[in-house]
Structures are given as structure tokens and as C-alpha cells.
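Notes follow the structure.
The values are calculated or read from the model by the stated rules, or taken from the named source; none is laboratory data. The model shown is predicted, which means the values in this text are computed figures rather than measured ones. Here the Cβ positions follow ideal geometry from the backbone for every residue, glycine too, while neighbour counts run over all protein chains shown. When the accessible area is computed, the model is the full protein with side chains, heavy atoms only, and any ligands, DNA or RNA have been set aside. Shrake-Rupley method; radii C 1.70, N 1.55, O 1.52, S 1.80 Å.
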Amino acid sequence: TELIDLLNNRDYLKEFGLNPSTALCLFLPDTYEFYWNTTAEGFVERMSREYQVYWNEGRKQRAKDIGLSPVEVQIIASIVVQESNQRDEWPVIAGVYINRYKRGMLLQADPTVKYAVNDFDLRRVRSIHTSVDSPYNTYKYKGLPPGPIYMAGKQSMEAVLNYQRHNYLYFCARPDGSGYHAFARTFEEHQRNARSYQRNLNARGI
């Protein structure tokens, strides 16, 4: 409860350049050693030191070079990691979202909708879900959500910092069950891919 209170304390989080919506950015998944009597403040301060180690001047410059802040990188990474279990396509997916973000398009990221409706086990996102009024619903509101929707790891952040340059604006899961995605440059191409995937979901009763 002390930790929860700290992560909802705006004045305290200002010291780290964060707010309650972005507080999760402070925590990088890894293995750390702590003494059993570490205080909540001590824990957050240690995580802040680890955060600064990762966000060195080199990575800050890489983020700046692609027009993003460290927090924005982590928000995109939190979406990317929820989109695919196939890590080798994370840089491609990151490229799609960065392309959409820079063009001022709706991100239309299904994981943000699942977060908005508080159901990460949702197997099929429908219009009833994408119509939910939440700042995290990227089908409804342009730009990035207020904060990360997941605790993004270093590999997913590297995928964003080194995203693949391409012209893709759309993607959807392949119907072959491989866990990979079909990418498209045009909405018409994407619709064909989406219809193929939807037929597969219908056939499986999802």
C-alpha cells in the first residue's frame, strides 16, 4: 500500500519526471537484489537509478533522433509487446505504430482497447469494445495513450528505438496460427488480410 500511494503521488513522481499514468515506465523488468527491509521509497529510488542506467545519453539521443521521448518509446513498446509473441517482428510492428503516430492517424491498437475495458484475455475486439470512452482507447482518440499499458522490457524498447523503416500502416494476425502478422501499405490490402483472418475466427467460433 505504501508503494501504491507513492505511485499515485503526483508531487513525489515529479522528482522523476513522471506522473501516475507514466509511473510504470520507472520499472524495467529484470532480476534485482534487495534487502528484505527495503522501504517503498528505497525501492522506487533504486528503480530510478536502474532507469537512468538504461536511459543513458546514447539512448536518449536515439529516441530524440526518431522524434520520441523516452516515455513515448516505452508507451509504444508496451503496445508492441502485447501485439505479438514473435519478438523478431517487434521492430516491424513498432514501425507501423510510429508511421501512424507521425501521420496523425489513429493508432487503432487492440491492446489499448483491452486495457481500456480491463480484459487482456479478450480474444476478439469488436465495435462494442472500440466504442468505449477511455483515453486509452486508440480507436477513439488520436496519439499515444496517457501511459504504458504493460511493463515493457528492454528488448521491446530496443525494438522501438531501432524500429524497421517501411511504408506499412496496417497489420493483422495471419490465419495460419503461426503467431505472425500480415502487413499492408494500403487499407484495401489490409481489408483483404483482415477478412481472411475474420473468416478463420468465425470458423473457430471465436
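Scanning the range 59-68 for residues that are assigned to a helix (DSSP H, G or I) and either in contact with a Cys (Cβ under 6 Å, 6 or more places away or on another chain) or surrounded by fewer than 18 Cβ atoms within 10 Å (Cβ to Cβ) (or both) returns Arg59, Lys60, Gln61, Arg62, Lys64, Asp65. Being under 22 Å from Trp90 (Cβ atoms), open to solvent by 80 Å² or more (accessible area, probe 1.4 Å) and part of a loop (DSSP other than H, G, I, E, B) holds for only one residue in Tyr150, Tyr136, Tyr168, Tyr163, and it is Tyr150. Evaluated against (1) more than 30 Å from Asn56 (Cβ to Cβ); (2) open to solvent by 80 Å² or more (accessible area, probe 1.4 Å); (3) not acidic (Asp, Glu), Ala182 falls short on exactly one condition, (2). Of the residues making up the range 98-113, those that are surrounded by 19 or more Cβ atoms within 10 Å (Cβ to Cβ), out of contact with any helix residue (DSSP H, G or I) (no Cβ under 6 Å at 6 or more places or on another chain) and within 21 Å of Gln198 (Cα to Cα) are Asp110, Thr112. Here Met157 passes the criteria (1) under 30 Å from Glu57 (Cβ atoms); (2) open to solvent by 40 Å² or more (accessible area, probe 1.4 Å); (3) touching a residue at least 60 places away in the same chain (Cβ under 8 Å) except the one numbered (2). Checked against the criteria, Asn202 does not count as out of contact with any helix residue (DSSP H, G or I) (no Cβ under 9 Å at 6 or more places or on another chain) and buried (at least 19 other Cβ atoms within 10 Å of the Cβ). For beta carbons closer than 7 Å, sequence separation of 6+ or different chains, a first residue in the range 180-194 that is basic (Lys, Arg) and a second that is at pLDDT 90 or above, the qualifying pairs are Arg185/Asn167; Arg185/Tyr168; Arg185/Leu169. Within the option set Val71, Val125, being crowded, with 17+ Cβ neighbours inside 10 Å, modelled with pLDDT of 95 or more and among the aliphatic types (A, V, I, L, M) holds for one residue only, Val71.
When both residues are 6+ apart or on different chains and their Cβ atoms are under 8 Å apart, which pairs have a first residue that lies in the range 118-129 and is within 20 Å of Arg195 (Cβ to Cβ), and a second that is aliphatic (A, V, I, L, M) and exposed (fewer than 10 other Cβ atoms within 10 Å of the Cβ)? Here the result reads Arg123/Ile206; Arg124/Ile206, each pair linking the range 118-129 to a residue that is aliphatic (A, V, I, L, M) and exposed (fewer than 10 other Cβ atoms within 10 Å of the Cβ).
Within the range 74-88, being open to solvent by less than 10 Å² (accessible area, probe 1.4 Å) and assigned to a helix (DSSP H, G or I) holds for Gln74, Ile75, Ile76, Ala77, Ser78, Ile79, Val80. Is it the case that some residue within the range 2-24 is in contact with a Pro (Cβ under 6 Å, 6 or more places away or on another chain) and touching a residue at least 40 places away in the same chain (Cβ under 8 Å)? Among the residues of the range 2-24, at least one is in contact with a Pro (Cβ under 6 Å, 6 or more places away or on another chain) and touching a residue at least 40 places away in the same chain (Cβ under 8 Å), which makes the answer yes.
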